[in-house]
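As structure tokens, the structure follows; a few thoughts come after it.
The values are calculated or read from the model by the stated rules, or taken from the named source; none is laboratory data. The model shown is predicted, which means the values in this text are computed figures rather than measured ones. Glycine also receives a Cβ, built like all others from the backbone with ideal geometry; neighbour counts cover every protein chain displayed. Quick note on the areas: whole protein, heavy atoms, side chains included, nothing else; ligands and nucleic acids left out. Shrake-Rupley method; radii C 1.70, N 1.55, O 1.52, S 1.80 Å.
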Amino acid sequence: LRIREGDPLEIFTSREGEIMLKKYSPVGELGEFAASYAQALAQTVEALVCITDRDYVIAAAGAGKKEIEGEHLSEEMEELIEKRGTYVVDDVQQQDIPIVTKPLSNAPKSVVLSSIMCNGDCQGAVILLEKNGKKDELAILKPLASAAANFLGKTMEQ
């Protein structure tokens, strides 16, 4: 069921007395706000922007949005999120690090990932997918991803 120790769960009961468990995603609760934030950030940085919880891409904006939105994150991306920091993965194809579990038709050259922290727990990430792989652009994207993740984490804490 992909439920890990510490994952938040919602517990429901049915009329027949069955107990149902559902994973709860604090990032998913941001919904339209996350989509608007991703769109604003994508227009600013001209990159594909993804806002994720710990399992799925919740919101995406930019070129390639339809292909990645709602997709399940790869194990490699989940591991980077769990490391709780901001990371740059240059030359993604050479390092063979998939973003989501399905293959993308237009894979990025570089990825900047920053974990979203809320009340000391890792809740997801802001991922910027850069198609050109220019080093000077990556230097700009790293602090932007970090600021976006910090902002979303503070928003969830309120």
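Separation of the alpha carbons by more than 18 angstrom is noted, of LYS66/LYS102; LYS83/LYS109; LYS23/LYS83; LYS65/LYS102, for LYS83/LYS109; LYS23/LYS83. Rounded to the nearest 10 square angstrom, ARG84 shows an accessible area of 120 square angstrom against a 1.4 Å probe. Taking amide H positions as modeled 1.01 Å from N, with prolines and chain starts lacking one, the residues under 5 Å from ILE116 and 5 or more places away or on another chain are GLN123, GLY124, ALA125, VAL126.
For PHE12 and ASP121, the difference between the fully extended length at 0.36 nm per residue and the C-alpha to C-alpha distance is 36.8 nm. Computed with a 1.4 Å probe on the full set of protein chains, the accessible area for ASP121 sits at about 80 Å².
With contacts taken as Cα pairs under 8 Å and at least 6 residues apart, the chain reaches a relative contact order of 19 percent.
Percent of accessible area on the chain owned by carbon and sulfur, 1.4 Å probe? Show your work: numbers first, answer last.
Values: 4410 of 8950 Å².
Accessible surface attributable to carbon and sulfur in the chain totals 49 percent.
Listed values for region 68-76 are Karplus-derived 3J(HN,Hα) couplings in whole Hz (6.51 cos²θ - 1.76 cosθ + 1.60, θ = phi - 60°), namely 10, 5, x, 7, 7, 5, 6, 4, 5, and x replaces Gly and Pro. Mind running the shape call on region 52-108? Use the C-alpha gyration tensor, a ≥ b ≥ c as the square roots of the eigenvalues: rounded below 1.5 for a/c, prolate if a/b tops b/c, oblate otherwise. It comes out oblate by the Cα gyration axes. Relative to its Kirkwood radius, the Cα radius of gyration of the chain gives an Rg/Rh of 1.00. Computed from the C-beta positions of ILE3 and ALA147, the FRET efficiency with R₀ = 30 Å rounds to 0.45.
Residues whose amide H comes within less than 5 Å of that of SER74, counting only those at least five positions distant or on another chain, are VAL100, THR101 (H built at 1.01 Å from N in the peptide plane).
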